[in-house]
Ligand code: OKS
Ligand code: ZN
C-alpha cells in the first residue's frame, strides 16, 4: 500500500468555529493528521508527497464560480485572520464551522492532489492506496463548502478515475457524518454508487441530508444509499450495517471502491457520537477487504489525534 501525504495541509490553520452560538476552538487541527503520519511512518508504511495537479481537475466537480470565489477570498484574508460567511448564498459556505483561511485554497488543492496521486497509483495497478487528506472533502458540494470541507477530494478522485477508465465507482462513506456533498454531486449519476453509514441526521450534523429515503433521482435512482444509525451504537451493530452496505456494493460490482474514512465514530472522538473502538476499525478493514476490487481510501474526519492514528493504522493493516 502507498500512503500519500502533503505537508501543505499545515498552511490551513482555522482558529475558531461558531457552534450553536459559542465561539469554540476549531477541531480541524493539523495534529489529527500529523499523528497518523507518524504512526504510519513508525509502522513502516511508504509515504509519498504527491505531485501537483492542475486546478482544472476541480471543475469536474465544482463550479468555476465557487472555486474562483474561494481562491479570491483565501488570497485576500490576512494570515492572522479568518473569514466567516456574512450573507449565506452570496458567501459560498453553508455553515459557521468552516472559515476561509489565508491557507485554505492552497491546502485544499494540495489535499485534492493527494487523492489524485493516489488514483494514479491505482491506475498503475496498486491494489490499495491511502490519501491522508486534510482538509477533508465529503461535505463540499458542487458550489458550496462546509463541515471543514472546501473541495470534495473523494468526488474529484472518482471523476478523475472515470476520465481515465470509464469505470464504475462505489463510494463507501464511513465518517460519522453524512457526506451531503458527495451525495449531491452524484445524486443523478448511475455510474457512481454512494453508500454512507452515519449518525441519523434527525439528531446530528449535517441535519439536511442522510435519510434512508434519499435514494437518488432520475438516472441515479437506486444509486444512492444511506444507513442512518442512532447515537451511541457499538461495534456489533455497526458491523451488521456495514455487511449490508458491502453486499449492496458487491451487487453493483464496481471497478473501483473509494472509502471515505472518517474515524470520528470512535468512542474517544469529541465530535462524533458512536461508541466504536480502535479494534472495530480492524474489523471494518477486514470486512471491506473481502471485496475483490481496487481500493482508494481517502481521509475525512477524526479529531482525536490518538484515536484517529490508532483507528487508521488498524484499518490499513487489516484491509487488502
Ligand atoms: C456544528 C458542528 C460541525 C460539525 C462538522 C462535522 C465535520 C465532520 N458546528 N464531518 O465529517 O467531521
Ligand atoms: Zn465527520
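Laboratory data are not the source of any read-out in this text; all were calculated from the coordinates shown. As the structure is a computational prediction, the values presented were derived from the model and not from experiment. Neighbour counts run over all protein chains shown; Cβ positions are idealised from the backbone, glycine included.
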Query raised in the report: Out of (1) within 16 Å of ligand 1 (Cβ to nearest atom); (2) assigned to a helix (DSSP H, G or I); (3) surrounded by fewer than 16 Cβ atoms within 10 Å (Cβ to Cβ), the odd one out for residue 244 is which?
Result: (1)
Report task. State yes or no: is residue 181 within 12 Å of ligand 1 (Cβ to nearest atom), part of a helix (DSSP H, G or I) and surrounded by 24 or more Cβ atoms within 10 Å (Cβ to Cβ)? Result -> yes
Query raised in the report: Picking from 108, 131, 118, which residue would you name as being in contact with a strand residue (DSSP E or B) (Cβ under 6 Å, 6 or more places away or on another chain), within 16 Å of ligand 1 (Cβ to nearest atom) and touching a residue at least 12 places away in the same chain (Cβ under 8 Å)?
Result: 131
Query raised in the report: Within the range 80-92, is even one residue assigned to a loop (DSSP other than H, G, I, E, B), crowded, with 18+ Cβ neighbours inside 10 Å and touching a strand residue (DSSP E or B) at 6+ places or on another chain (Cβ under 9 Å)?
Result: yes
Report summary line: Filter the range 275-296 for residues that are more than 15 Å from ligand 2 (Cβ to nearest atom) and within 17 Å of residue 40 (Cα to Cα); the one that is nearest to the chain's Cα centre (by Cα) is 296
Query - So residue 137, is it farther than 24 Å from residue 308 by Cα and within 16 Å of ligand 2 (Cβ to nearest atom) - result: no
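The rows are residues; the columns are (1) crowded, with 20+ Cβ neighbours inside 10 Å; (2) within 15 Å of ligand 1 (Cβ to nearest atom).
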| site | (1), (2) |
| --- | --- |
| 161 | yes, no |
| 190 | no, no |
| 195 | yes, no |
| 203 | no, yes |
Query raised in the report: What are the residues in the range 64-95 that are closer than 13 Å to residue 141 by Cβ and touching a helix residue (DSSP H, G or I) at 6+ places or on another chain (Cβ under 7 Å), if any?
Result: 67, 70, 92
Query raised in the report: Given the conditions (1) more than 18 Å from residue 140 (Cα to Cα); (2) within 16 Å of ligand 2 (Cβ to nearest atom), which single one is not true for residue 217?
Result: (2)
Requested in this report: Determine if the range 206-225 includes at least one residue that is part of a loop (DSSP other than H, G, I, E, B), touching a strand residue (DSSP E or B) at 6+ places or on another chain (Cβ under 9 Å) and touching a residue at least 60 places away in the same chain (Cβ under 8 Å).
Outcome: yes
Report task. Scan the range 292-301 for residues that are touching a helix residue (DSSP H, G or I) at 6+ places or on another chain (Cβ under 6 Å) and more than 16 Å from ligand 1 (Cβ to nearest atom) and jot them down. Result -> 294, 296
Report task. Please specify each residue of the range 254-270 satisfying the condition of being surrounded by 22 or more Cβ atoms within 10 Å (Cβ to Cβ) and within 15 Å of ligand 2 (Cβ to nearest atom). Result -> 259, 260, 261, 262, 263, 264, 265, 266, 269
Report summary line: Residue hits (the range 264-280; free of Cβ contacts under 8 Å to residues at least 60 places away in the same chain and either part of a loop (DSSP other than H, G, I, E, B) or away from ligand 1 (no atom under 16 Å from the Cβ) (or both)) are 267, 268, 275, 277, 278, 279, 280
Query raised in the report: What is the number of the single condition among (1) within 16 Å of ligand 2 (Cβ to nearest atom); (2) in contact with a strand residue (DSSP E or B) (Cβ under 8 Å, 6 or more places away or on another chain); (3) under 17 Å from residue 154 (Cα atoms); (4) in a loop (DSSP other than H, G, I, E, B) that residue 231 does not meet?
Result: (3)
Query raised in the report: Does residue 308 satisfy the criteria of being within 15 Å of ligand 2 (Cβ to nearest atom), touching a residue at least 24 places away in the same chain (Cβ under 8 Å) and assigned to a helix (DSSP H, G or I)?
Result: yes
